[in-house]
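Below is one structure; the comments refer to it alone.
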Amino acid sequence: MSKTIRILSIDGGGIRGILPAMLLASLERRTGQPVSQLFDLIAGTSTGGILALGLTRPGENGKPAFSAEDMAALYEREGDRIFASNFWHKLRSLGAIGDQKYPSRGVDEVLQRYFGETRLSEALTSLVVPSYEIERRVPFFFKSAAAKRQPTHDFPMWQVARATSAAPTYFEPARLDAMRPGDYWALIDGGVFANNPAACALVEARTQFPDAANFLVCSIGTGALTRRIAYDDARNWGLARWAKPVLDIVLDSVSETVDYQLTQLLPAGSYYRFQASLQRGSEQMDETSPGHIRGLRLVGEKLVRDNARSLDTLAGQLAA
């Protein structure tokens, strides 16, 4: 097979998903084509999984239901609903120590409204969406190719989005029927092992396209943390103080490790990694105030501006 297989990978990162959405909107403008037509395989974890599903959900006349700019707007319109709590839940959760930080009602409602009854098998582009099964203690991959072959793997898109974004301490695990009487899957955010799913995507592409010799990978992050953790602070932390920082460290380090691996594996010109640096105050995954969203928009604009030349080159490769 002489065709180059084009792969898109989108990191997890909560409300910071607005950053890859904005960059993808720039690619759509540059090429005049929707993301679902630009790539042969798309992988996304957590908020990246929501983007992957949204950009490949079929709409009218076989076209995608949402553009990348539509998905960027989702964070502005729906952030308050997704990350919504009330007084009694806040009191019970004790800042996510006694319970999940947010009830699942808000995120469930938003995902059901955006994805409706559409199922994974209907995706316009081949999808890979990671999650993690906590009872069986195994990685769990939602794959549209498998969903097309086996009805037992064909879940509603909104449930796939809910499972991949069930971040520990933020939301309760997702419980999906396993289509066998009495059996189910207990799933949490795929970011615990594949916050940057680019390597998973490359492996899947090699499996789906065994005769392909060339692969083009576009990997988009949701912002790299730059705030230091001072030794004098951390040396006295216990479980409660480490809980949130250690999750941030796991997500960020996983993403950077995969970036290093693909930089070494893939030849020059066939791997693109787009990542912004986040300053103090912009790294929160669940801050939905207008000022914070505005700040993320500015970071996204700078990300596109600073990578204009790479985006032009990539757009030419994708549209060829």
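The values are calculated or read from the model by the stated rules, or taken from the named source; none is laboratory data. Just so we're clear, the structure is a prediction, and the values are computed from it rather than from any experiment. Every residue, glycine as well, gets a Cβ built from its backbone with ideal geometry; the counts of neighbours run over all protein chains shown. Only protein heavy atoms, including side chains, enter the accessible area calculation; ligands, DNA and RNA are left aside. Shrake-Rupley method; radii C 1.70, N 1.55, O 1.52, S 1.80 Å.
Tabulated results
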{"item": "Residue satisfying condition, being charged (D, E, K, R) and surrounded by fewer than 14 Cβ atoms within 10 Å (Cβ to Cβ), within set Arg273, Arg241", "result": "Arg241"}
{"item": "Residue within segment 88-107 that is assigned to a helix (DSSP H, G or I) and either surrounded by 22 or more Cβ atoms within 10 Å (Cβ to Cβ) or modelled with pLDDT of 95 or more (or both) present", "result": "yes"}
{"item": "Conditions (1) touching a residue at least 24 places away in the same chain (Cβ under 8 Å); (2) in contact with a Lys or Arg (Cβ under 6 Å, 6 or more places away or on another chain); (3) surrounded by fewer than 24 Cβ atoms within 10 Å (Cβ to Cβ): number failed by Val128", "result": "(3)"}
{"item": "Exclusive hit being open to solvent by less than 30 Å² (accessible area, probe 1.4 Å) and more than 23 Å from Glu28 (Cβ to Cβ), set Val246, Val217, Val258, Val304", "result": "Val258"}
{"item": "Inter-residue pairs, beta-carbon under 8 Å, first closer than 13 Å to Ile220 by Cβ and in segment 287-315, second at pLDDT 95 or above and open to solvent by 80 Å² or more (accessible area, probe 1.4 Å), 6+ apart", "result": "Leu311/Arg30"}
{"item": "Extreme residue, surrounded by the fewest Cβ atoms within 10 Å (Cβ to Cβ), among residues of segment 139-172 that are of a type in the set (D, E, K, R) and touching a residue at least 40 places away in the same chain (Cβ under 8 Å)", "result": "Glu172"}
{"item": "Residue in segment 285-301 that is among the polar types (S, T, N, Q), in a loop (DSSP other than H, G, I, E, B) and touching a helix residue (DSSP H, G or I) at 6+ places or on another chain (Cβ under 7 Å) present", "result": "yes"}
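This table checks each residue for (1) assigned to a loop (DSSP other than H, G, I, E, B); (2) touching a helix residue (DSSP H, G or I) at 6+ places or on another chain (Cβ under 8 Å).
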position: Thr222; (1), (2): yes, yes
position: Asp233; (1), (2): no, no
position: Tyr272; (1), (2): no, yes
position: Arg280; (1), (2): yes, no
